[in-house]
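Before any comments, here is the structure.
The values are calculated or read from the model by the stated rules, or taken from the named source; none is laboratory data. Keep in mind that this is a model prediction, so the values were computed, not measured. When we count neighbours, we look across all protein chains shown, and the Cβ atoms used for this are built from the backbone with ideal geometry, even at glycine. Please note that ligands, DNA and RNA were not included when accessible areas were found on the heavy atoms of the full protein model with its side chains. Shrake-Rupley method; radii C 1.70, N 1.55, O 1.52, S 1.80 Å.
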Amino acid sequence: MSIKRVGIVGSGIMGGGIAESAAVHGFEVVLRSRSQATADSMAAGMEKSLAKQVEKGKLSEEERSGALERLTTVTDIGAMVDCDLVIESVVEELAIKKHLFSELDRICKDHTILATNTSTLPVIEMAMETGRPEKVCGIHFFNPAPVMTLIEVVRTITVSEETIAEARAFAEACEKQAVEVKDQAGFIVNALLFPYLNNAVRLLEGGVASRDDIDAAMKGGCGFPMGPFALLDLVGLDTSVAILDALYEEYKDPHFAVVPLMRRMVSAELLGRKSGRGFYDYH
Ligand SMILES: NC(=O)c1ccc[n+]([C@@H]2O[C@H](COP(=O)([O-])OP(=O)(O)OC[C@H]3O[C@@H](n4cnc5c(N)ncnc54)[C@H](O)[C@@H]3O)[C@@H](O)[C@H]2O)c1
């Protein structure tokens, strides 16, 4: 594999986790945030997370300090210039991602692979903003990125075999299982998961059962590690609505039509853990 230095653009829930995964596994990581305050809080969050893993015996002290030494946080997107792979993980909005890809294409060297962590948006539309569509693919991590063991490698109709092989090798170097999927909204996991999450909100809105009973039912009855409302809060309700909208746009299937309660909660800034309140209260 030729990837040594990895750029991450976007420092929300996912960007920080992806940066941590890559740094722990020996990659030089440049994490770009729009503000210095967010960049600093990302670095602090990673320090805390790594310290916890040392406490639990999952990482050695050397691995912890090595990962921190390999992480650089920046606000200037120009710092992506010497990365071999850049993974964007900004807000789930196609116009923003397309603009970012054209910017990265201008900044990065010719050999650089540009990847998106989008959950649902068409990767080909981002690829076509660049002069290197054969070097653009999806590298889709799961939340929380340092913990979840899967990466979906998304194959567009323009990507080269070499890029797919590099993306797979990167996933494996991060000790993740790579699965390959076509560039279709929701890929594998979210195409199956989001109708279920949306239907859980529909049951709640219809008064069929309470939040706690629905979450308890799916944990106890299906063996899921968390119920649908705890998971929606973890993903973020704004991101969940964006994912469902993209799925609906692609398939026009009513199972993907966002249940009104979820949209109203986003308007009320009840976004889940990241805003302190969603279906549950985190204060
Ligand atoms: N939340 C999840 O469970 C999850 C899982 C897998 C993939 N994803 C995907 O990861 C990406 C990021 O999601 P997240 O959950 O980290 O979201 P988030 O809301 O936590 O973070 C979004 C980030 O985008 C930044 N941003 C917003 N507008 C921007 C702009 N105009 N230019 C540059 N940056 C901008 C924000 O400052 C923030 O750092 C999305 O594509 C999402 O679909 C999310």
Here are A178, A165, A173, A169: which of them is under 27 Å from H25 (Cα atoms) and without any contact (Cβ under 8 Å) to a residue 24 or more places away in the chain?
A165
Looking only at the stretch 185-205, decide whether some residue is part of a strand (DSSP E or B) and either of a type in the set (D, E) or exposed (fewer than 15 other Cβ atoms within 10 Å of the Cβ) (or both).
no
Could you grab me the full set of residues in the stretch 135-147 that are surrounded by fewer than 24 Cβ atoms within 10 Å (Cβ to Cβ), at pLDDT 95 or above and over 13 Å from S119 (Cβ atoms)?
K135
Pick from A44, A39: which is open to solvent by 40 Å² or more (accessible area, probe 1.4 Å), over 24 Å from E166 (Cβ atoms) and in a helix (DSSP H, G or I)?
A44
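When you check K252 against the structure, is it open to solvent by 50 Å² or more (accessible area, probe 1.4 Å), free of Cβ contacts under 8 Å to residues at least 24 places away in the same chain, away from the ligand (no atom under 16 Å from the Cβ) and within 19 Å of L94 (Cβ to Cβ), yes or no? Break it down stepwise before answering.
On the way: open to solvent by 50 Å² or more (accessible area, probe 1.4 Å): yes; free of Cβ contacts under 8 Å to residues at least 24 places away in the same chain: yes; away from the ligand (no atom under 16 Å from the Cβ): yes; within 19 Å of L94 (Cβ to Cβ): yes.
Here the answer is yes, as K252 does meet what is asked.
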When T239 is evaluated against the numbered criteria (1) part of a helix (DSSP H, G or I); (2) on the phi > 0 side of the Ramachandran plot; (3) not aromatic (F, W, Y), which criterion, by number, is the only one it fails?
(2)
What's the number of the condition V179 fails, among (1) surrounded by fewer than 19 Cβ atoms within 10 Å (Cβ to Cβ); (2) at pLDDT 95 or above; (3) farther than 20 Å from I18 by Cα?
(3)
Residues being hydrophobic (A, V, I, L, M, F, W, C), modelled with pLDDT of 95 or more and surrounded by fewer than 24 Cβ atoms within 10 Å (Cβ to Cβ) - total across the stretch 1-17
1
Cβ-Cβ below 8 Å, separation at least six or inter-chain, first residue in the stretch 13-37 and within 13 Å of the ligand (Cβ to nearest atom), second open to solvent by 50 Å² or more (accessible area, probe 1.4 Å) and among the acidic types (D, E): which pairs?
R32/D76
Selected residue (only one of S33, S49 is at pLDDT below 95 and of a type outside the set (F, W, Y)):
S49
For the stretch 247-270, give me each residue that is outside any helix (DSSP H, G or I) and under 18 Å from E205 (Cβ atoms).
A257, V258, V259, A268, L270
Extreme residue, most open to solvent (accessible area, probe 1.4 Å), among residues of the stretch 121-134 that are farther than 25 Å from G16 by Cβ and among the hydrophobic types (A, V, I, L, M, F, W, C)
M128
Search the stretch 72-92 for residues being within 17 Å of A127 (Cα to Cα), open to solvent by less than 30 Å² (accessible area, probe 1.4 Å) and in a loop (DSSP other than H, G, I, E, B), and hand back the single one that is farthest from the ligand (Cβ to nearest atom).
D84
Candidates K109, K98 - the one that is more than 9 Å from the ligand (Cβ to nearest atom), at pLDDT 95 or above and surrounded by fewer than 17 Cβ atoms within 10 Å (Cβ to Cβ)
K109
